[in-house]
Amino acid sequence: MSLPIRIAPSLLSADFARLSEQIRLVEDAGADLLHVDVMDGHFVPNITIGPFVVRAIRDVARVPLDVHLMIDRPAFYAEAFAKAGAHWLTYHVECAEGGPETAETIRALGMRPGVSVKPDTPVGAIRDHLPLVDMVLVMSVEPGFGGQSFRAGVLPKLAALRDAGFAGELEIDGGIDEKTIGVCAAAGANVFVAGSAVYRTRDPAAAVRVLRASAEAKRVS
């Protein structure tokens, strides 16, 4: 049985001065998750938010928080994000604490673990993680900044993971819009992170509905 399509608007592209309103817009339009990008200025050359802001988001959100840790020490900070209310917590295999034991730490804290790979990292790098995680996040841009163009060269990774028997949530992040979401769904993805394609439009709610329809039309049965 195929997994449901899940649309995860990325709050990195939202208007933080109106964040509660921006969250409600996409939730009312049917968003399944809220994607929260955490960057430490070390693993990636940018700094965003930490557990304190995640807690504030959790207080107003009605759907689960999909927290993507682009940081060097995900295991060290996992407890803080658990207390802040993260539901999903995804770490990078390339980071300083990117071993399979990080997935075990995350699950022990009551969250659902995910592992992510950068565009140039082969999926073989996460082979030992797959039995331990509920989600794999394939980056279709270099992590660290929003608004980048989709890299179609990552599509074979999605198909390879499904062909290898990975039956969990398969997420893609980076340059996802109405034009690119269909090919990702056809390759096996079922969770779609979209920032600019949602929040940089005149009607974020309509954008969520269009993305879902486009993914549903091409999804793997």
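Data overview
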read-out	value
Pick from the range 168-195, criterion assigned to a helix (DSSP H, G or I) and aliphatic (A, V, I, L, M), ranking: nearest to Val26 (Cα to Cα)	Ile181
The range 33-42, residues that are without any contact (Cβ under 8 Å) to a residue 60 or more places away in the chain and surrounded by fewer than 22 Cβ atoms within 10 Å (Cβ to Cβ)	Asp40, Gly41, His42
Selected residue [among the aliphatic types (A, V, I, L, M), touching a Cys at 6+ places or on another chain (Cβ under 7 Å) and more than 20 Å from Ala31 (Cβ to Cβ)] from Leu130, Leu158	Leu158
Among (1) touching a strand residue (DSSP E or B) at 6+ places or on another chain (Cβ under 6 Å); (2) under 21 Å from Val191 (Cβ atoms); (3) assigned to a loop (DSSP other than H, G, I, E, B) - the single one Gly30 does not satisfy	(1)
Condition broken by Val198, with the remaining ones in (1) assigned to a helix (DSSP H, G or I); (2) in contact (Cβ under 8 Å) with a residue 60 or more places away in the chain; (3) out of contact with any Pro (no Cβ under 9 Å at 6 or more places or on another chain) satisfied	(3)
Test: residue in the range 143-162 that is touching a helix residue (DSSP H, G or I) at 6+ places or on another chain (Cβ under 7 Å), hydrophobic (A, V, I, L, M, F, W, C) and part of a loop (DSSP other than H, G, I, E, B)	no
Answer from Ala86, Ala56 - the residue that is surrounded by 24 or more Cβ atoms within 10 Å (Cβ to Cβ) and either touching a residue at least 60 places away in the same chain (Cβ under 8 Å) or within 19 Å of Leu12 (Cβ to Cβ) (or both)	Ala86
Checklist (1) of a type outside the set (D, E, K, R); (2) within 24 Å of Leu34 (Cβ to Cβ); (3) in contact with a helix residue (DSSP H, G or I) (Cβ under 9 Å, 6 or more places away or on another chain) applied to Pro122, failing item	(2)
Checklist (1) outside any helix (DSSP H, G or I); (2) over 22 Å from Arg112 (Cα atoms); (3) of a type outside the set (D, E, K, R) applied to Gly165, failing item	(2)
Residue match in the range 15-28 (condition: crowded, with 22+ Cβ neighbours inside 10 Å and not β-branched (Val, Ile, Thr))	no
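Quick grid of which residues meet (1) under 29 Å from Glu21 (Cβ atoms); (2) under 17 Å from the mean Cα position of the chain (by Cα); (3) surrounded by 15 or more Cβ atoms within 10 Å (Cβ to Cβ); (4) among the polar types (S, T, N, Q):
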| residue | (1), (2), (3), (4) |
| --- | --- |
| Val117 | no, yes, yes, no |
| Met139 | yes, yes, yes, no |
| Ala152 | no, no, no, no |
| Ala194 | yes, yes, yes, no |
| Ala206 | yes, no, no, no |
| Arg212 | yes, yes, yes, no |
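Every read-out reported here was derived from the displayed coordinates using simple, explicitly stated rules and does not represent laboratory data. This one's a predicted model, so the numbers in the text were calculated from it and none came from an experiment. Heads up, the Cβs are rebuilt from the backbone with ideal geometry, glycines too, and the neighbour counts pull from every protein chain shown.
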